[in-house]
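A short write-up of the structure that comes next.
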Amino acid sequence: MSKKFSQPHLLGIKDITRDDIELVFETADNFKAIINRPIKKVPSLRDVTVANIFFENSTRTRISFELAQKRLSADIVNLTASSSSVSKGETLIDTVNNILAMKVDMVVMRHPAPGACQFLAKHVDAQIINAGDGTHEHPTQALLDAYSIREKLGDVKGKKIVIVGDITHSRVALSNIYCLKKLGAEVMVCGPTTLIPKHIESIGVKVEHDLMKALNWCDVANMLRIQLERQDIKYFPSLREYSMLYGLNKERLDKLNKEIVIMHPGPINRGVEITSDVADSAHSIILDQVENGVATRMAVMYLLAGQKG
């Protein structure tokens with residue numbers, strides 16, 4: 001395995017190789033050991049300036065990236081669209097050029113337009129990490145999810161993972177599918193017909209509309225929240241009905257003749273896609289995902305920065 005990341009940026013899982021993913025995991029293993037020590041900082045990015053540019057609201061991803069940057073001793077510039085000149089009509093490229101004029105080395109960006117990070121990578125001389133672009137991709141979430149499965153089950157290859165919920169509007173689902181398939185897992189999506197893209201089978205996933213059948217099939221269930229903010233029309237009658245058909249509760253888990261691993265990328269709508277007794281149960285690795293997010297993002301930034309050396 002080559003010990004260098006094959007891409008100059010992390011724009012999407014679609015662009016990277018299985019070797020890249022394994023390299024991120026190996027690097028994250030080392031960083032996970034570091035962040036569990038009494039002194040959690042390393043000087044790996046001491047001379048690197050990272051700009052976090054978030055054109056969409058984010059709490060967990062932004063904090064996770066910021067914490068990862070601080071653990072690596074990077075200098076950090078934060079910009080949120082609501083408090084910037086973007087709200088006055090400044091274009092994406094103007095904003096970034098202004099930040100690059102301040103000699104920024106790396107940009108972590110979340111943007112509502114699919115492909116915004118690719119556009120940026122073509123026009124500016126900095127390394128770009130996609131922290132979510134519209135309904136397209138969210139690569140670091142997929143990496144931390146797969147890393148968490150590997151940690152819990154020993155390997156991702158051959159495992160059966162079902163992604164349940166709003167697949168149509170979810171960048172997490174698409175990145176997860178690409179990542180899990182590259183690592184040799186079997187992937188199924190489950191949800192109402194209106195929330196599953198028409199041709200999704202063409203990328204090698206199974207489709208199931210019955211939640212109990214999906215749970216009986218899988219080793220891991222990744223429960224997605226309903227992306228109400230991205231839905232311009234009603235895709236199902238009510239949240240109550242959605243929850244009755246596709247919500248994961250203890251009663252459903254107890255009916256299974258095996259134990260499965262429960263995941264959620266957050267934020268959780270408790271009582272809709274998952275109940276509190278399941279989210280907080282021994283089956284759940286939701287808090288492990290949060291911890292692994294910092295180690296995985298440290299690994300990605302460290303590997304990208306290493307290319308400049």
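The values are calculated or read from the model by the stated rules, or taken from the named source; none is laboratory data. Keep in mind that this is a model prediction, so the values were computed, not measured. Cβ sites come from the backbone with ideal geometry, for glycine too, and all protein chains shown count toward neighbours.
Quick notes on this structure:
- Leading residue by the ranking (farthest from the chain's Cα centre (by Cα)) among those in the range 117-128 that are surrounded by 22 or more Cβ atoms within 10 Å (Cβ to Cβ) and among the hydrophobic types (A, V, I, L, M, F, W, C): LEU120
- Within the range 266-291, being within 19 Å of ILE163 (Cβ to Cβ), within 20 Å of the chain's Cα centre (by Cα), part of a helix (DSSP H, G or I) and not polar (S, T, N, Q) holds for ALA279, ILE286, ASP288, VAL290.
- Test: residue in the range 12-30 that is of a type in the set (Ser, Thr, Tyr) and out of contact with any Phe, Trp or Tyr (no Cβ under 8 Å at 6 or more places or on another chain): yes
- Matching residues in the range 167-194 - criterion: being farther than 17 Å from ASP219 by Cα, over 16 Å from the mean Cα position of the chain (by Cα) and crowded, with 22+ Cβ neighbours inside 10 Å: GLY191
- Reported count of residues in the range 151-166, each being surrounded by fewer than 24 Cβ atoms within 10 Å (Cβ to Cβ) and more than 11 Å from VAL220 (Cβ to Cβ), is 5.
- Qualifying residue in the range 84-101 (condition: modelled with pLDDT under 95 and at positive phi): yes
- Restricting attention to the range 47-60, the residues that are modelled with pLDDT of 95 or more and outside any strand (DSSP E or B) total 1.
- Scanning the range 251-276 for residues that are farther than 21 Å from GLU241 by Cβ and not basic (Lys, Arg) gives ASP254, LEU256, ASN257, GLU259, ILE260, VAL261, ILE262, MET263, PRO265, GLY266, PRO267.
- Contacts under 6 angstrom Cβ, first residue in the range 86-103 being assigned to a helix (DSSP H, G or I) and surrounded by 13 or more Cβ atoms within 10 Å (Cβ to Cβ), partner of a type outside the set (S, T, N, Q) and modelled with pLDDT under 80, 6 or more apart: THR95/VAL86
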